[in-house]
Structure formats: C-alpha cells, structure tokens
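To keep things clear, I will list the structure first and then write my remarks on it.
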Amino acid sequence: MNKLIHSSKELTFDLRQTPSMPLARQILMVRPTFFHVDNPINPHMRKADGTLHQLDKPKAMKEWEVLRETYVKLGFSVHEADAQEGLPDMVFCANQSLPFVSRTGLKTAIMSNMANDTRHKEVPALESALTRLGYKTEHLPARSSGTLFEGMGDALWLPGHRVLLGGYGHRTTQEIYGAVFGLVDATVITFELANPRFYHLDTCLSILDSQSALACKEAFTAEGWALVKQIFPKLIEVSVSEADSPVFACNAHCPDGRHVIMQSGAERTVSALKSHGFIPIELSTEEFVKSGGSVFCMKLQFF
Ligand code: ARG
C-alpha cells in the first residue's frame, strides 16, 4: 500500500519491497542558446561581492556538448527540446516536469508550478516536447504560493521502485505532495530543506542506486537527515565544501547505477565513489554552476 511519509517514525517498512518501476533509459536536454545569468533567483548566481557572474558563452556551449556526448557514449538516446529566447534558465530541464510510468504502463509527466514567473514560462515548451515523446501530461492545482512544485529539481525516484523522495521549503511547497501523491500511485517521502544554498533536493542528494546516495547533511533538517540515513544503507556523506558551489558534488548524476557524471574537483567524493564501486566521470559544468546548476539539472532522465 502506498504511503505519504513526512517523518522517519512513519517509515516502518523496507522500501526495496515496494512495487517496481522501470528504469529510465532516455535523456532530454535543452541547448544553452539563450542561457544567461541576469535574473538572480538563487544564491549561487552572484559573486562574493554581490555582482552577477559573467558567462563565457562559447565555453558554456562546449561544456554542454561534452555532457551530451557523455550520455551518448554511455548508450543513452539523447533528445533535444528547442531553447526559447527570453527563457535564460531553460537549459536546466530537470525542473519543469516529473516523468514516471503509471501502474498500467502509461508514460506520464506531472508538469511543474515553478516558483519564479519567468521560469514558469518554460513549462509549456517542455510539455510539448514530452507530448511528442509519447507522454500523457498531468497538472497540479493552479499555481499559487501554496502549490509550487519544481519537478525533478525536488522530486527524485528511488531507481526501480515506486518510491518518490520529495524536497520542499525553497522552490516546492510541502502541501503539494498531497496532490503529487494522488497522481503517482507510489510511496512519497518528503524532506524539508533547511539551507538556501541547497535550494533543490538535487543540490544536496544524488541518488546512485536503490541503496546508495551522495548527500550533504547541512542541507537538511535533523528529521530530513534521519530519513536520508534510514533510506540509504550505503550513504556517502559529502562535506559542505564539496557540495556547495563551485563544485556542487551532490548535483552529480548516476544514470545507470554505475557511472557518476559530475563537476570535476570533488576529490574526497570521487575517491569515496570509487571505493563504493562506482565509476566517476568528471567534466566541467563551470559556466552552469554560475547559475546554480550542474549535471543533474542540465538533463531530464525519462522512461
Ligand atoms: N538558475 C536556475 C534556478 O535557479 C538553476 C536551476 C538548477 N536546477 C536544479 N535542478 N537545481 O532555477
């Protein structure tokens, strides 16, 4: 039976015994043609002196191409949604939706209610792309201060299981998980995010497989951290110095339970990953970190 869980006391059963969900084998990306840092909506977008980061656009384009190629080399089919002028953050295409497969096998995506007005305009473009890819889309209650949801920025599947881990507190509201729970037909576990530098769950928790994850304690409340530890028997704790920008180690992406694509420079996290049997693939996403995003934000993994 599905449960909506908010505290470690309520988690009284083994999540690995829940019904299964297929693994996601496809990647969607948005080319950074109109990518900019001009609308500072998270703390990483400003330098220490308060001014906005300056982008090196050719370098951003190169970094994006290398990431795209990395997925292709790992055997993923990479699809592209068209970038749109005036939507500077659209390259971060993890945020506009939450794809899943229904119990009857229907590919479904819940479309986001993004916190920022400009970012919310990205949602229809991603909805058309997902529709073309064979998805049925679902919508949450009308967007208001209480119904915010930022897709796979905050809501992450436990690979292979009908279990969704949902962050809230900065971009997504806790109450919205009631509606999400009603749509996904899965167990949903919510986590309060306590630190504005880790404004999405994908900035402080990187799920590697159904037992393992990278996570940064300082991003969570005591209750949230108790849940993280309970869910992942093989947890790799990441220090704030490697989890915060400019390294953003917890925004790594493990697309296949084995390879971990990540911003380079997280020495201790890389060696911990190797000792747990993972294969880190380090690359540069420096230009995107200037906007508060790295590998995990720059793609949507779908079924
Ligand atoms: N500048 C973007 C924002 O603040 C970055 C989004 C990064 N995405 C993510 N999933 N963390 O919305």
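Inspect the range 183-194 for any residue being within 15 Å of the ligand (Cβ to nearest atom), within 24 Å of A109 (Cβ to Cβ) and within 12 Å of the chain's Cα centre (by Cα) and give the result as yes or no. For the range 183-194, residues within 15 Å of the ligand (Cβ to nearest atom), within 24 Å of A109 (Cβ to Cβ) and within 12 Å of the chain's Cα centre (by Cα): absent. Considering only residues in the range 53-91 that are farther than 20 Å from M262 by Cβ and small (G, A, S), the one that is farthest from the chain's Cα centre (by Cα) turns out to be G86. Selection over the range 57-86 of residues that are buried (at least 18 other Cβ atoms within 10 Å of the Cβ), within 16 Å of the ligand (Cβ to nearest atom) and in a loop (DSSP other than H, G, I, E, B) gives a count of 1.
Screening T221 with (1) surrounded by fewer than 20 Cβ atoms within 10 Å (Cβ to Cβ); (2) closer than 25 Å to M298 by Cβ; (3) out of contact with any helix residue (DSSP H, G or I) (no Cβ under 8 Å at 6 or more places or on another chain) gives one miss only, at (2).
Residues in the range 93-118 that are away from the ligand (no atom under 16 Å from the Cβ) and without any contact (Cβ under 8 Å) to a residue 24 or more places away in the chain: 2 in all. Contact annotation: residue pairs with Cβ atoms under 8 Å, 6 or more positions apart or on different chains, pairing a residue in the range 36-49 that is free of Cβ contacts under 8 Å to residues at least 40 places away in the same chain with a partner that is part of a loop (DSSP other than H, G, I, E, B) and within 12 Å of the ligand (Cβ to nearest atom), are R46/P40; R46/H53; K47/H53.
In this structure, does K121 turn out to be surrounded by fewer than 21 Cβ atoms within 10 Å (Cβ to Cβ), free of Cβ contacts under 8 Å to residues at least 24 places away in the same chain and more than 20 Å from G166 (Cβ to Cβ)? No, not satisfied. Just one of the numbered conditions (1) outside any loop (DSSP other than H, G, I, E, B); (2) over 21 Å from T203 (Cα atoms); (3) not hydrophobic (A, V, I, L, M, F, W, C) is not true of Q54: (1).
Quick check on the range 13-32. Is at least one of its residues assigned to a loop (DSSP other than H, G, I, E, B), farther than 29 Å from A186 by Cβ and either away from the ligand (no atom under 15 Å from the Cβ) or not polar (S, T, N, Q) (or both)? Checked against the condition, which is being assigned to a loop (DSSP other than H, G, I, E, B), farther than 29 Å from A186 by Cβ and either away from the ligand (no atom under 15 Å from the Cβ) or not polar (S, T, N, Q) (or both), the range 13-32 yields at least one hit.
No value in this document is a laboratory result; all are computed from the given coordinates. Here the structure is a predicted model, which is why all the values come from computation and not from measurement. Positions of Cβ are generated from backbone atoms using ideal geometry, with glycine treated the same way; all protein chains shown enter the neighbour counts.
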